[in-house]
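Derivation of every value follows stated rules applied to the coordinates shown; laboratory data play no part. All values derive from a computational prediction rather than experimental measurement. Every residue, glycine among them, receives a Cβ derived from its backbone with ideal geometry; neighbour counts consider all protein chains shown.
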There are 4 protein chains.
Amino acid sequence: MSHTNKHKDKLLARVRRLKGQIEAVERSLESDASCGEVLNLVASIRGAVTGLTGELIEDHIREHVSNPQTDPDQARAQGATELIDAIRTYLK
Amino acid sequence: MSHTNKHKDKLLARVRRLKGQIEAVERSLESDASCGEVLNLVASIRGAVTGLTGELIEDHIREHVSNPQTDPDQARAQGATELIDAIRTYLK
Amino acid sequence: MSHTNKHKDKLLARVRRLKGQIEAVERSLESDASCGEVLNLVASIRGAVTGLTGELIEDHIREHVSNPQTDPDQARAQGATELIDAIRTYLK
Amino acid sequence: MSHTNKHKDKLLARVRRLKGQIEAVERSLESDASCGEVLNLVASIRGAVTGLTGELIEDHIREHVSNPQTDPDQARAQGATELIDAIRTYLK
């Protein structure tokens with residue numbers, strides 16, 4: 001079982017939204033949109049990819065390493081909470 | 001005329017390749033691929049988006065600000081060359 | 001004359017503040033601060049370095065390529081404004 | 001005990017090297033170095049901060065969540081190995 005099963009629908013929705021954003025860039029190039037417009041669309045993709053990465057890593061921690069809500073080892077649960085906070089800070 | 005016209009075909013090919021990479025992530029989630037596999041696919045998208053951003057900004061400099069190959073003002077041409085080098089370093 | 005002369009004092013103040021942030025990380029490691037504390041201090045450095053990079057590139061554009069406020073060529077001034085906006089978006 | 005104790009000396013050496021890099025930027029500004037030179041120095045700092053962040057997060061995983069070399073739970077050790085690989089990919 002992969003770490004992506006649990007939140008599979010949520011992740012798939014996120015990936016499909018990202019595909020929609022790429023298609024918007026494609027259309028903007030085809031219709032000769034202004035440079036600034038294309039750059040703004042690409043900037044939004046950049047943020048979306050970083051956010052998706054952070055969510056995938058956080059899911060992986062919870063499902064394959066330690067889920068702070070259910071881990072009976074309190075020290076490890078605390079370490080996992082701090083780790084998830086750090087991932088959120090660096091990949092937001 | 002937008003800065004994207006000149007290299008429009010090259011940029012469109014790049015954007016379509018990026019869409020193909022997103023679709024690979026979509027399929028990997030649908031087929032319950034392992035976590036590591038999904039994360040590797042997303043890492044390659046991240047690099048591709050950064051590279052696309054750098055190319056769009058470099059095109060914009062050459063077409064709307066200063067093209068070092070054709071700018072008759074040598075000081076500005078030199079400044080544009082250094083600027084493009086910096087963009088390549090930071091968005092590669 | 002370097003692009004850094006004009007805003008030299010402002011940039012130097014920014015670099016010295018950054019050095020102070022590194023020294024705070026150094027002290028936190030020496031005094032065995034908690035992991036989360038060290039990570040938070042390093043996260044703030046990351047943001048400061050990105051902001052400094054953006055400021056250096058923006059200064060370079062204004063002083064060596066095109067300053068939108070003074071460039072007599074309106075098309076190039078417009079291109080430089082869009083470029084500076086893009087740099088601010090990607091390096092903030 | 002913090003996650004930084006074990007590798008404290010190694011981390012401190014890294015932070016002090018980073019401080020030396022900032023001081024090189026400070027000197028380059030004071031001596032009116034060229035724009036390109038200052039930008040190159042700042043680019044190297046950016047890479048060093050990202051590498052330090054990755055090392056701090058990896059140490060935290062090994063010391064406070066799961067150390068793949070010593071964790072008796074094989075599934076968790078495997079999950080931690082994949083997590084460390086992902087962190088290395090995204091924060092290198």
Answer yes if at least one residue in region B:35-51 is touching a residue at least 40 places away in the same chain (Cβ under 8 Å), part of a helix (DSSP H, G or I) and more than 9 Å from every other protein chain (Cβ to nearest Cβ), and no otherwise.
-> yes
Number of positions in region C:18-34 that are assigned to a helix (DSSP H, G or I), facing chain D (nearest Cβ under 9 Å) and of a type in the set (A, V, I, L, M, F, W, C) | 4
Among (1) in contact with a Cys (Cβ under 7 Å, 6 or more places away or on another chain); (2) crowded, with 22+ Cβ neighbours inside 10 Å, where does C:Glu82 come up short?
-> (2)
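When you scan region A:58-78, do you find a residue that is farther than 29 Å from B:Glu23 by Cα, part of a helix (DSSP H, G or I) and polar (S, T, N, Q), even just one?
Checking region A:58-78: at least one residue is farther than 29 Å from B:Glu23 by Cα, part of a helix (DSSP H, G or I) and polar (S, T, N, Q).
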Is there any pair with a first residue in region B:56-72 that is more than 7 Å from every other protein chain (Cβ to nearest Cβ) and a second that is of a type in the set (S, T, N, Q) whose Cβ atoms are under 7 Å apart and which are 6 or more apart or on different chains, and what are they?
-> B:Asp59/B:Thr4; B:Pro68/B:Thr81
